[in-house]
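Each remark here refers to the structure printed beneath this line.
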Amino acid sequence: IGETENINPASSIKHQATIFKDKFFLFFLISLIPVNIVFFQHIGALPIYIVRDLGYSGAVFGFLSAINTVIIIFVEVPLNNAMAHWDDKKALALGAILCGIGFGLMAVWEKIYFIAFTIVIWTFGEMIFFPASTSFTSSISPENRRGEYMGYFQMTFSIALMFGPWFGTEILDLFGSKVLWTITFILSAVTVVMIYFFKKNEKTLQVKNSK
């Protein structure tokens, strides 16, 4: 009871608010959202595009989705092990641009075998980007507040999942597939450009981790 009485609510609120003073971390979170919106087109605009606009059956889309699943099952762990020594920023940029290329190529490729190839491309982007983003979040988080930082990191996926499928289907209906897939490439490029401006140095991390 005595310990409960010693809790200072104002101090607790102040502690919770300090994450919003970490401008670099907020910039990092914002940089994730564009490419996450692109990725979530695989459950938003992509099935509508393949079945409704291109006229393929639901079974064909199921087969194409299986390509993503099979590659992840057999390739992701060996790929991540092979890239374990990579700098997180380089992996983030590569993953983001592969997602952009994979979805963006559908603006010019409509044949089913080409679409299957684009799925392979953005699947590799997915396998590179998401583990790298988790690793990078861990590396820039203060050790005693890592759970808090990871919570905000996960929130970016929720935002993209909430907004991305709606955004993609609206663009597809209003402007057509070529505009949509071109926009997906642009959004991924925005993430890559933002990653280029990341500034992470050991001195900054040591100051943060000491807090």
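Placing dummy labels 7 Å off each Cα toward the beta-carbon, the span from F175 to R52 is 1.7 nm.
When the solvent-accessible area of the chain is split by element, carbon and sulfur atoms take up 68 percent of it, the probe being 1.4 Å. The percentage of C-alpha pairs in the stretch 33-108 whose separation is greater than 20 Å is 43%.
Dipole magnitude for the stretch 24-114: about 80 debye, using +1 per Lys or Arg Cβ and -1 per Asp or Glu Cβ, origin at the Cα centre.
Hydrodynamic estimate: the Kirkwood radius of the stretch 71-180 over Cα pairs, inserted into Stokes-Einstein at 4 °C and 1.567 mPa s, corresponds to D of 83 µm²/s. Using the Karplus relation 6.51 cos²θ - 1.76 cosθ + 1.60 with θ = phi - 60°, the per-residue 3J(HN,Hα) values for the stretch 94-110 come to 5, x, 5, 6, 5, 4, x, 5, x, 6, x, 5, 5, 5, 10, 10, 10 Hz, with x marking Gly and Pro. A simple rule links phi to the HN-Hα coupling: the Karplus curve 6.51 cos²θ - 1.76 cosθ + 1.60 with θ = phi - 60°, which for the stretch 39-51 gives 4, 6, 5, 5, 10, x, 6, 4, x, 5, 4, 6, 7 Hz, with x for Gly and Pro. Considering only Cα atoms, the convex hull volume of the chain works out to 155 Å³ per residue. Pairs spanning more than 29 Å between alpha-carbon atoms, out of K21/K90; K23/K178; K21/K89; K21/K178: K23/K178; K21/K178. When +1 charges are put on Lys and Arg Cβ atoms and -1 charges on Asp and Glu Cβ atoms, the dipole computed for the chain relative to its Cα centre reaches about 560 debye.
Excluding ligands, DNA and RNA, the accessible surface per residue across the chain is 54 Å² with a 1.4 Å probe. When the chain is treated as a GNM with alpha-carbon contacts under 10 Å, the residue of L64, L174, L46 showing the greatest mean-square fluctuation is L174.
The values are calculated or read from the model by the stated rules, or taken from the named source; none is laboratory data. Note that the structure is a prediction, hence the values are computed from the model and not measured. Note that each Cβ is placed from the backbone with ideal geometry, even for glycine, and that neighbours are counted across all protein chains shown. Heads up: the accessible areas ignore ligands, DNA and RNA and are worked out on the full protein's heavy atoms, side chains in. Shrake-Rupley method; radii C 1.70, N 1.55, O 1.52, S 1.80 Å.
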